[in-house]
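Everything below concerns the one structure shown next.
Bear in mind these aren't lab numbers, they're just calculated from the coordinates by the rules spelled out. Because the structure is a prediction, the values reported are computed rather than measured. All Cβ positions, even for glycine, are placed from backbone atoms using ideal geometry, and neighbour counts span all protein chains on display.
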Amino acid sequence: MKLGIRNIGQIATGDLEKPLAEADTIVCDAGRITGIGVPKGALDACEVVIDANGATAAPGLIDSHVHITFGDFTPRQNVVGYLSSYVHGGVTTSISASEVHVPGRPHDRGGLKALALAARACFEGYRPGGMRVHAGSVILDPTLELSDLAELAAAGIWLAKAGFGAFDDAFDYAPYVKAAREAGMITTVHTGGSSIPGSGAISGDHILALDPHVSFHVNGGPTAMPDADFKRLATESEVALQICTAGNLRTALLCLEEARKADALHRLLIATDTPTGSGVMPLGLLYTMSHLSALGGLAPELAIACATGNNARVYGLEAGVLKEGRLADVILLDAPDGGTQRTALNAIRHGDIAAVGAVISSGVPRFVGRSRNTPATCREMRVERCDIPASFD
Ligand SMILES: [Zn+2]
């Protein structure tokens, strides 16, 4: 499908280095962005044209901490359809934080490997609501042999999670994190107090010793590590600092401050850490973007980059940035109707959540006009022309 978006008011690119772009059109073809700021008439060849009516375009949001199980179902809150609901919060990509919530999940060597492989395979061609789901994060546990990690990587597993294994001491994860990293996986480690029975407290000393790619919910999941550790992770490591909605808001702001001082905004990630005991949060990323912007002084376009391009860079994804050649995941944001602000970026800076007016993933509109979860947009977005037998309203 060739898709065009016109009348864009503002573009937040998702790229931290160049977070705003001047253009009023985006063209996508066969699931990729093929043009930004195209000449007049270039939209004539599009089969579908969306009128953004002055709204702000941004990359589809990437939630790098979602507790995937199987299907569009979370046993943690017994909710069906939560991933489709997150799409209405602007999320077009979810990354599994390990399938730890699967009821009766296996703890034996074969079962742990099978769980990751099955989860990955189940989501390869399954896109709830149009969302791309990267599932299959192997739970690091002493029952695994270190050689299992290379074997799993060869079978396509590229995510590994430390924090829920049956280790007596969190430092004992070190050889497993190292083996997973050497196998080419993105390694992630639970951070802060224990979340569910079976997980233990992990602080800055552990993260520095384990040296994963990502400190999961660095601000607490939901309980934070000691304040002094935030500066240490910002200055003494290259670990990505993942701030989660379902964590400690005060330490989220502390982490932002330390990252800024250490010139480390490029490794600040925004995610939700849901569904969990904190619930299902389709608008979690929008809230955390607003919190960091309104309370922490982070420019709204940079907050968007933390929830899009930064996640994409750390996890090696092709989505997350509005640029020619990248995956065509585009959302249209606006100030919520009835508020005091007139643009999405000003609304975020003001502490309101941005309203979502359209979500496009892999170049296909998933809805245009009204999110079922955010407030209505100030501006009306609509499908202006549709030459194929489909409806996106
Ligand atoms: Zn989690």
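Values as computed for the structure displayed
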{"quantity": "Förster radius 22 Å - calculated FRET efficiency between R32 and A376 (Cβ-Cβ, nearest 0.05)", "calculated": "0.15"}
{"quantity": "All lysines inside 27 Å of K261 as judged from Cα atoms, apart from same-chain residues fewer than 8 positions distant", "calculated": "K18, K231"}
{"quantity": "Sparse-neighbourhood loop sites, trypsin sites (Lys or Arg not before Pro) in the stretch 311-363 - DSSP loop, at most 12 other Cβ within 10 angstrom", "calculated": "none"}
{"quantity": "Volume in Å³ per residue [convex hull over Cα atoms, computed for the chain]", "calculated": "119"}
{"quantity": "Along principal axes, Cα extents of the stretch 2-66, largest first, whole Å", "calculated": "39, 24, 20"}
{"quantity": "The stretch 61-282: equivalent-ellipsoid semi-axes (sqrt of 5 x gyration tensor eigenvalues, Cα, Å)", "calculated": "25, 22, 15"}
{"quantity": "Around R32: net Lys/Arg minus Asp/Glu count, Cβ-Cβ under 14 Å", "calculated": "0"}
{"quantity": "Low-density loop positions, GluC sites (Glu not before Pro), the stretch 86-147 - DSSP coil, at most 16 other Cβ in 10 Å", "calculated": "E145"}
{"quantity": "Per-residue Cβ neighbour rank within 10 angstrom, fewest leading, D334, D141", "calculated": "D141, D334"}
{"quantity": "Calculated P(r) tail over 19 Å for the stretch 255-393, as whole % of Cα pairs", "calculated": "57"}
{"quantity": "Burial ranking of peptide ranges 379-391, 165-177, 43-55 (average Cβ count within 10 Å, highest at the top)", "calculated": "43-55, 165-177, 379-391"}
{"quantity": "Rounded FRET efficiency, nearest 0.05, which uses the C-beta distance separating R260 from K178 and R0 of 41 Å", "calculated": "0.85"}
{"quantity": "Cα-based radius of gyration of the stretch 200-262 once divided by 2.2 N^0.38 Å, which approximates compact folds", "calculated": "0.96"}
